[in-house]
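*Asks:* Input: one structure, supplied below.
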Amino acid sequence: MFRTVCAIGGASITAADELGQGYYQVVINWFGGWHHGQPDKAEGFCYVNDCVLAIRQLRNYFARVLYIDLDLHHGNGVETAFYQTSAVLTYSVHKYESGFYPGGGGLESIGEGKGRGYSVNIPLRNGADDATLKRVIDETLDGVVERFKPEAIVCQCGADGVSGDPHQAFSYTPSGLSRAVSKVVSYNRPTLLLGGGGYNHPNVARTWTTITADLLQTDLSNEEIPDQKYFTEYGPGFEMKITASNIKNENDSSYLDFVINSVNSNFDLIK
């Protein structure tokens, strides 16, 4: 376990150094993104919080760091670490309902003290799809970047909201999540991309491969899964494409209006 923790945390710290020293504009650690770990304990399968370690390392180079969390679950460990500072703004899009882990991430969680206004939470109901994700990001993230003016960005790209995950909560597709990540990269800041949750392993691989390919402007839309020892797990279609599920989207326009307006109303707190 210790060696695993060192590998996860060390990779993200090294990635942060590569960005800080100007070697690269975008660095990826798909093994990272363990966003639930707390200062004094493991939580949510996370025995280290490499997101926090990377952000702290980036702060040696950049005055302001924006953390974006696209995982199905709220990025509670990262929010807790920076809840009272204005140097790091945390932005999390996640499922939020009574009894769903980790339980936080409501609209009322906006930070405390010097950090008041620097925690942005977008709580979604069951069935969120690509259009849902696109709308909330398009109508809130630009405002965050404009007000906060980050010098670097860390983006956690958890794939447990992708269609086919055992949670059966959201209905994202790899292309929908990739569009969100491409928007993040388009801000042209030094950016660290991390992995995260995802319990349908073939779909996680499809998702992170799609994101990587899109950033490299490589078209994989007509590609088939290559022959390798896990090939049978990609059946029955053995294709890169994932079709969105038919789960009911409970995020209607009126609810999204309420969430977006609530988030945007706090932007004046960001200085």
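The values are calculated or read from the model by the stated rules, or taken from the named source; none is laboratory data. Model, not experiment: these values are computed from the prediction. A quick note on method: Cβ atoms are made from the backbone with ideal geometry, for glycine too, and the neighbour counts reach across all protein chains shown. The protein model used for the area step is the full one, side chains on, heavy atoms only, and it has no ligands, DNA or RNA in it. Shrake-Rupley method; radii C 1.70, N 1.55, O 1.52, S 1.80 Å.
*Asks:* Residue separation times 0.36 nm, minus the C-alpha to C-alpha distance between Tyr24 and Asp257: what's the value? Can you show the working numbers first?
*Replies:* Values: separation 233, 0.36 × 233 = 83.88 nm, distance 3.76 nm.
Length difference between fully extended and current span is 80.1 nm.
*Asks:* At a 1.4 Å probe, what is the % contribution of carbon and sulfur to the accessible area of region 117-271?
*Replies:* On the way: 3520 of 7230 Å².
Answer for region 117-271 is 49 percent, counting heavy atoms of protein chains only.
*Asks:* Using the Cα centre of region 1-134 as origin and beta-carbon charges of +1 (Lys, Arg) and -1 (Asp, Glu), tell me which of Gly127, Tyr23, Ile110 is placed farthest towards the positive end of the dipole.
*Replies:* Towards the positive end, the residue furthest out is Tyr23.
*Asks:* Rounded, prolate or oblate: which one fits region 196-240, using the alpha carbon gyration tensor with axes a ≥ b ≥ c (rounded when a/c is under 1.5, else prolate when a/b beats b/c, else oblate)?
*Replies:* oblate
*Asks:* Here's a follow-up. With Kirkwood's inverse mean 1/r over C-alpha pairs for Rh, give me the Rg to Rh ratio of region 90-162, two decimals please. Each step should come with its number before you reach the end.
*Replies:* Details: Rg = 12.9 Å, Rh = 13.5 Å.
Taking Rh as the inverse mean 1/r over Cα pairs, Rg/Rh reads 0.96.
*Asks:* Here's a follow-up. Taking H placed 1.01 Å from N in the peptide plane, check which residues at least 5 places from Glu239 or on another chain put their amide H under 5 Å from its amide H.
*Replies:* Hits under the 5 Å cutoff: Ile225.
*Asks:* Percent of Cα-Cα pairs more than 21 Å apart in region 58-205, please. Mind showing how you got there, number by number?
*Replies:* Working: 4228 of 10878 pairs.
Value for region 58-205 (Cα pairs over 21 Å): 39 percent.
*Asks:* Which percent, to the nearest 5, of DSSP beta bridges fully inside the chain are antiparallel?
*Replies:* On the way: 3 of 29 bridges.
Approximately 10 percent, going by the DSSP bridge assignments.
*Asks:* For region 51-111, what % of the accessible area comes from carbon and sulfur atoms, probe 1.4 Å? Could the numbers behind the result be given before it?
*Replies:* Details: 920 of 2070 Å².
Percent of accessible area from carbon and sulfur atoms in region 51-111: 44.
*Asks:* Then there's this: Can you compute the helix-only [θ] at 222 nm over the chain? Use -39500 (n - 2.57) per DSSP H run of at least 4 residues, normalise by all residues, nearest 500 deg cm²/dmol. Don't skip to the answer; put the middle values down first.
*Replies:* Details: 8 runs with 90 residues, N = 271.
That calculation yields -10000 deg cm²/dmol at 222 nm.
*Asks:* Build a GNM of the chain with springs between Cα atoms under 10 Å: which of Gly235, Gly117, Gly22 gets the top mean-square fluctuation?
*Replies:* Gly235
*Asks:* Using a Gaussian network model of the chain whose springs link C-alpha atoms within less than 10 Å, name the residue from Ile110, Ile153, Ile247 with the highest mean-square fluctuation.
*Replies:* Maximum among the listed residues: Ile247.
*Asks:* In the Gaussian network model of the chain, springs joining C-alpha atoms below 10 Å, which of Arg147, Arg189, Arg59 carries the largest mean-square fluctuation?
*Replies:* Of Arg147, Arg189, Arg59, the most mobile in the Gaussian network model is Arg147.
*Asks:* How much area per residue is accessible in the chain when the probe is 1.4 Å and only protein heavy atoms are counted (Å²)?
*Replies:* Working: 12550 Å² over 271 residues.
I get 46 Å² per residue for the chain.
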